[in-house]
Amino acid sequence: MPINQAFLAELTVEGENTRKMLSRVPFEHATWKPHEKSMDLQSLAKHVAEMWSWVGVTLTQDELDFAKPYPMPPEIKTNEDLMDFLEKNLANAKEVLAKTTDETMGTNWTMRTGEKIYFTMPKVVVLRSMVFNHIIHHRAQLGVYLRMLNVPLPGLYGPSADDMNM
């Protein structure tokens, strides 16, 4: 199986799990955060939706240089805005992945700020660690926020405790 096909299958599952979680974000609590050092709810939810755009950044570019201009994500004020942003990023991720060859997956990608290099790794490793695993990490963090706000959590890999009580 080509590498892109494995990631496309995973994107289908994780994209749906991300939809389930983000659909529960209560924007009436947009500025809430569990700790002074934490992101607020709205910023975290936006970050989770935005991270799917990193598939394209990883596979169509050879580096991300924070010293250069980066497109700013749109303003997100409602759950509808959030879901639209997610769907746009998922669609682009699928399109880019579908066109990516195993050869491209093996080429290097670098994260830097000007001359300071944070890492250089094959794109397939960046896709797994910096993109997919990172999304799952922040999605789980979002689940903690939602739990603390008493929002029922969706089941992602089977029923949640809230599913069992419904």
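Data overview
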item: Tally, over segment 13-66, of residues that are in contact with a helix residue (DSSP H, G or I) (Cβ under 8 Å, 6 or more places away or on another chain), touching a residue at least 60 places away in the same chain (Cβ under 8 Å) and part of a helix (DSSP H, G or I); result: 18
item: Residues within segment 115-166 that are among the hydrophobic types (A, V, I, L, M, F, W, C), in contact (Cβ under 8 Å) with a residue 60 or more places away in the chain and more than 14 Å from Ala49 (Cα to Cα), tallied; result: 11
item: Selected residue (only one of Phe85, Phe66, Phe7 is more than 18 Å from Val151 (Cα to Cα) and touching a strand residue (DSSP E or B) at 6+ places or on another chain (Cβ under 6 Å)); result: Phe66
item: Given (1) within 23 Å of Gly158 (Cα to Cα); (2) assigned to a loop (DSSP other than H, G, I, E, B); (3) open to solvent by 30 Å² or more (accessible area, probe 1.4 Å), index of the condition Ala6 fails; result: (2)
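Each row is one residue, and each column tells you yes or no for (1) among the hydrophobic types (A, V, I, L, M, F, W, C); (2) open to solvent by less than 40 Å² (accessible area, probe 1.4 Å); (3) touching a helix residue (DSSP H, G or I) at 6+ places or on another chain (Cβ under 6 Å).
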| position | (1), (2), (3) |
| --- | --- |
| Lys123 | no, yes, yes |
| His138 | no, yes, yes |
| Leu142 | yes, yes, yes |
| Pro152 | no, no, yes |
| Gly155 | no, yes, yes |
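The values are calculated or read from the model by the stated rules, or taken from the named source; none is laboratory data. What you see is a predicted model; the values in this text were computed from it and never measured. All Cβ positions, glycine included, derive from the backbone under ideal geometry; neighbour counts span all protein chains shown. The area values use the complete protein model at the heavy-atom level, side chains included, leaving out ligands, DNA and RNA. Shrake-Rupley method; radii C 1.70, N 1.55, O 1.52, S 1.80 Å.
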